[in-house]
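Working notes, structure below.
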Amino acid sequence: MKTPEGPPEAARGSEPPGQRQVTRRDFFNEISTAALGITGLGAAVVTIRYISPNVLFEPPSKFRAGGPDDYPVDSVTYLRDQQVFIVRTAVGFHAISTICTHLGCITEWKPEDSLIECPCHGSKFNRDGEKVAGPAPRPLSHFAILLTPEGELMVDKLSIVKPADVLKV
């Protein structure tokens, strides 16, 4: 007795000619290939992120703040990019940090009250950076300020000075 070489006509079903029925093995092969491809792509992304430098771009700690004539006497000028107040009094210049000593919020100059105020927690400082009210534990930091040979103000935020150190111009 001779065995048939292919499945009987009834086992093939009614599939149209040219289309092949997907077997369970083919389905799992395709799923595993897709899963391996996604895993490989994820590993490549993680590797590229690990290799690429993670750089934090910050403004320079030393910067030029313009000429003394740019600041009127008894003024407080906020330099947003540097987070510094340039205070000019009749005596001279101060460079004061805008970062509150309580929790690091950015303070604001309120000319109507003649105070530097923290909008978050209510600390208040006078124009010299001394604490007037609120939860701040200490006064605002003062940065070194000097006059360059070209006649411009230079602020060094890495050099913290005493509040009594004033640049006299």
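Derivation of every value follows stated rules applied to the coordinates shown; laboratory data play no part. Quick caveat, the model's predicted, so the values are computed rather than measured. Because the Cβ atoms are built from the backbone with ideal geometry, glycine has one as well, and the counts that use them run over all protein chains shown.
Answer rounded, prolate or oblate for region 114-169, using the Cα gyration tensor with square roots of eigenvalues a ≥ b ≥ c: rounded when a/c is under 1.5, else prolate when a/b is larger than b/c, else oblate. Note, shape of region 114-169 comes out prolate.
If R0 is 25 Å, what FRET efficiency do you get for ASP156 and ASP128 from their C-beta distance, rounded to 0.05? According to the calculation, E is roughly 0.85. Mean projected area of the Cα convex hull of the chain, taken over all directions, amounts to 22.6 nm².
Seen against the Cα atoms of the chain and their longest principal axis, helix 24-51 is set at about 20 degrees. Gain in length, LEU79 to ILE99, computed as 0.36 nm per residue apart minus the alpha-carbon separation, to one decimal in nm? Taking 0.36 nm per residue and subtracting the Cα distance, the gain is 6.0 nm. Computed extension length for SER52-LYS110: 16.5 nm, one decimal, from 0.36 nm per residue of separation with the Cα-Cα distance subtracted. The gain in end-to-end length when the GLU30 to ALA164 segment is fully stretched comes to 40.7 nm, 0.36 nm per residue minus the alpha carbon separation.
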